[in-house]
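A quick write-up on the structure given underneath.
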Amino acid sequence: MKKMIKKVAVVLCSALLFSVVGCTGETDDDASSDLTTITFYYDPQTRGDAEYRQLIDTYNKTQGQADKVKISGRPVSGVTNSAQSHMMRNNAPNVIMVGDKSFKSLAVQDLMVSLEDYDKKTDATSDMPAELLNRFRYSYDTKQAGAGADLLGVPNGNDPKMFYYNVAYFRQQNINIISVAEQDLDNYNKENGTNFMPHGYAEYDASNAQIKSWASTAGLAASKNLAGDNVYKVFNEQIPTNWEELRYLSKCFTQTYNTGSPSKFGFMTEWWFPFGWSVGGDCIGYNGKQYEFTILDDTPNYLVTGDEATVNGRTYQRGEVVLYEDKIKDSTVASNADLYAIKSQYDAFLEFNRYTKTQSSVVDEKTVDGVKVTYKGYGLIDSGNLSNRDGEFIAGNAAILSRDYSFGYTLQASGLKEWDVAPEVQYREYVGGSVYYKNGTNNFADEYLKVIGKTYDGETYTGELNTVNGTAVVGLRAVNSISEAYVIPKRSEPDKYDAAWKFITWASGREGQLILAGCNLCVPNQISLAVSDEFVKNQNRIVDNLAAVGASVVDGRIGDWGYFEEGSWVTAWANVLNGSVRAGNMTLSQFYENTKANANSALAKKEMVIRR
């Protein structure tokens, strides 16, 4: 078990640093007439040219000898998103890398060999996350994508989103950093005499004798919070913050709310995905016949709190969230005792958008129970600088940044010394709620995080997770990620399909993934490998919070730009969102009215059905 604040030691693996002569991975001693030569096209930028060369050279000298296969590699910049021209040739490469953004455009043209039977015989993908595999599944005859469809590509690493945070800034604000997985928290507390609750960020009452006793033993430092209370501030880098914790933590690092903040802004992001996906929402929803634009769907989502629940004829298990199609077609969802209503996609999208608006900017106006409600911004992000969010974080103008794993490569070269990663935000409910308001208002400026151990309205706040029928009320852990896959073009030589699969199996397996991980641009595609000591030791930079990295691999989903065979249906509304809405010139309701017709018209033309 990881001790509190203890970081993972990293051993540099010199094997990943040596250079390989030549650009094809071929050597004189592996050339033999009894070997089947396979041409392999890859993008030298996505995983590192030196690492790809080492991958090819290692295979040719080791497993390739047993497979009787020799790889002739060819680096082609940008090939993962422009593979079509190569795959359409009659002499197509035997193996080529395809990005998840362009995959479906190739799938609908029937350009790839199905790997389904190969995979069933070898079970090569058994340790890969289902969501990662599903983005490379498509059945040409049925036009079905995702779960249950044919496997056309084997994932090659993953580049998921996570939170980067400035460790020095957290310490400067007297935030105690711990690193304990949620499933290990009870045992950790028993072994160490502590009483940490399952929060990403929490504050504990320093005047509470019981808390003071164990906090002192744990070596926690006390300080004043934004409300002026003496507390122990605790950030657990292995548990996601909920919506309220993230915005309060962002407030602590935004100078308009905290003049003592070392950063101008608390949190910078450009992605709504973890907010919406966590409650089971999305920008599209299948209604049983076609997709609808659902980015502002205001119907509640439902968490299954019974052992199982049947909704619209589909059976769900405890802890799952009901799909859009089922919740809108089943009139009994609101009265189903095995379902618990959680926030809507509208609530999630509103929360995301309030970050980027000033405190005086109107994000939306909505009539609730006959009363007009105005939602204003939080003033936590400089929306004008979002395009330079990386530079803002590196320069110290933001304390927290949502970014890909590969961003760590940039940080390594930036000179920023103290940074670490943590899980993205998640919908989580706590008994008694998470916040209270001072001065009798519900304005964000008067909103503060409830302190564990203090009394509010006659009740002592315990910080316990809310449970219903024994089920913790937490949403999905879901982040967007970028991946690519090994595929076999149909127009390559059929008599070499088997040989191509042998190489794919090895390259996407443990040894191949560890080699490619050396580029620091991706996490291995296998769940066990992503959290293994082998992966840590293969890093050429410090990866302290490996648990958050591994969890992000499991949680990773493809972004909306890769849902269908082309992404123009996204740009039709995303350009308005990133322009007029972000600039504060249009409310969310106005945005929806201006874009929903075009979005729904584009979606009505989609014949592809995506299954989860």
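Structure values in brief
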| read-out | value |
| --- | --- |
| Boolean, Trp277 is under 19 Å from Asp347 (Cβ atoms), outside the structural domain of His199 (by TED's automatic domain parsing) and among the aromatic types (Phe, Trp, Tyr) | yes |
| Residue, nearest to Met608 (Cα to Cα), within region 266-291, restricted to residues that are crowded, with 20+ Cβ neighbours inside 10 Å and either over 23 Å from the mean Cα position of the chain (by Cα) or among the β-branched types (Val, Ile, Thr) (or both) | Tyr291 |
| Tabulated pairs, region 224-235, first of a type outside the set (Phe, Trp, Tyr), second at pLDDT below 95, C-beta under 7 angstrom, 6+ apart or interchain | Ala227/Lys438 |
| Close pairs (6 angstrom Cβ cut-off, 6 or more residues apart or separate chains): within 14 Å of Leu386 (Cα to Cα) in region 571-593, among the aromatic types (Phe, Trp, Tyr) and part of a helix (DSSP H, G or I) anywhere | Val581/Phe591 |
| Pair list, Cβ < 7 Å and 6+ apart or interchain, from region 177-195 residues that are of a type in the set (A, V, I, L, M, F, W, C) to residues that are loosely packed, with under 14 Cβ neighbours inside 10 Å and modelled with pLDDT under 95 | Ile177/Ile5; Ile178/Ile5 |
| Verdict on Asn578 being under 23 Å from the mean Cα position of the chain (by Cα), modelled with pLDDT under 95 and polar (S, T, N, Q) | yes |
| Pairs where the first residue, in region 391-414, is on the phi > 0 side of the Ramachandran plot and at pLDDT below 90 and the second is among the acidic types (Asp, Glu) and surrounded by fewer than 22 Cβ atoms within 10 Å (Cβ to Cβ), C-beta under 6 Å, 6+ apart | none |
| Every residue from region 422-463 that is over 21 Å from Ile342 (Cα atoms) and hydrophobic (A, V, I, L, M, F, W, C) | Ala422, Phe444, Ala445, Val451, Ile452 |
| Hits in region 301-315 (condition: surrounded by fewer than 21 Cβ atoms within 10 Å (Cβ to Cβ) and on the phi < 0 side of the Ramachandran plot) | Thr305, Gly306, Asp307, Glu308, Thr310, Arg314, Thr315 |
| Considering residues of region 266-290 that are without any contact (Cβ under 8 Å) to a residue 60 or more places away in the chain and in a loop (DSSP other than H, G, I, E, B) only, the residue nearest to Phe170 (Cα to Cα) | Asn287 |
| Matching helices (runs of 4 or more DSSP H) fully within region 85-177 where at least 1 residues are modelled with pLDDT under 95 | 116-122, 130-134 |
| Residue in region 478-499 that is under 30 Å from Trp214 (Cβ atoms), outside the structural domain of Val523 (by TED's automatic domain parsing) and crowded, with 16+ Cβ neighbours inside 10 Å present | no |
| Any hit, region 389-406, residues being in contact with a strand residue (DSSP E or B) (Cβ under 7 Å, 6 or more places away or on another chain), surrounded by fewer than 21 Cβ atoms within 10 Å (Cβ to Cβ), assigned by TED's automatic domain parsing to the domain that holds Tyr456 and more than 22 Å from Tyr201 (Cα to Cα) | yes |
| Residues located in region 93-110, provided they are surrounded by 21 or more Cβ atoms within 10 Å (Cβ to Cβ) and more than 29 Å from the chain's Cα centre (by Cα) | Pro93, Asn94 |
| Residue among Val474, Val435, Val451 that alone is closer than 29 Å to Phe273 by Cβ and crowded, with 21+ Cβ neighbours inside 10 Å | Val474 |
| Residue within region 568-575 that is in contact with a Gly (Cβ under 8 Å, 6 or more places away or on another chain), of a type outside the set (S, T, N, Q) and closer than 29 Å to Ala145 by Cβ present | no |
| Answer residue from region 450-503, given it is among the basic types (Lys, Arg) and at pLDDT 95 or above and is farthest from Phe40 (Cα to Cα) among those | Lys454 |
| Count of residues meeting criterion [exposed (fewer than 14 other Cβ atoms within 10 Å of the Cβ) and under 20 Å from Tyr324 (Cβ atoms)] in region 577-610 | 5 |
| Criterion (over 24 Å from the mean Cα position of the chain (by Cα), part of a strand (DSSP E or B) and touching a residue at least 24 places away in the same chain (Cβ under 8 Å)) met by exactly one of Tyr497, Tyr436, Tyr486, Tyr448 | Tyr448 |
| Members of region 533-548 that are farther than 16 Å from Ser508 by Cα, out of contact with any Asp or Glu (no Cβ under 8 Å at 6 or more places or on another chain) and at pLDDT 80 or above | none |
| Exclusive hit being outside any loop (DSSP other than H, G, I, E, B), surrounded by 22 or more Cβ atoms within 10 Å (Cβ to Cβ), assigned by TED's automatic domain parsing to the domain that holds Tyr430 and in contact (Cβ under 8 Å) with a residue 60 or more places away in the chain, set Ser263, Ser250 | Ser250 |
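Results for (1) among the aliphatic types (A, V, I, L, M); (2) touching a residue at least 60 places away in the same chain (Cβ under 8 Å); (3) not in a strand (DSSP E or B), shown as yes or no for each residue.
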{"position": "Glu292", "(1), (2), (3)": "no, yes, no"}
{"position": "Ile295", "(1), (2), (3)": "yes, yes, yes"}
{"position": "Gly306", "(1), (2), (3)": "no, yes, yes"}
{"position": "Tyr316", "(1), (2), (3)": "no, no, no"}
{"position": "Asp326", "(1), (2), (3)": "no, no, yes"}
{"position": "Glu351", "(1), (2), (3)": "no, yes, yes"}
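The values are calculated or read from the model by the stated rules, or taken from the named source; none is laboratory data. Please read all numbers here as calculations on a predicted model, not as lab measurements. Here Cβ is always computed from backbone atoms with ideal geometry, including for glycine, and neighbour counts include all displayed protein chains.
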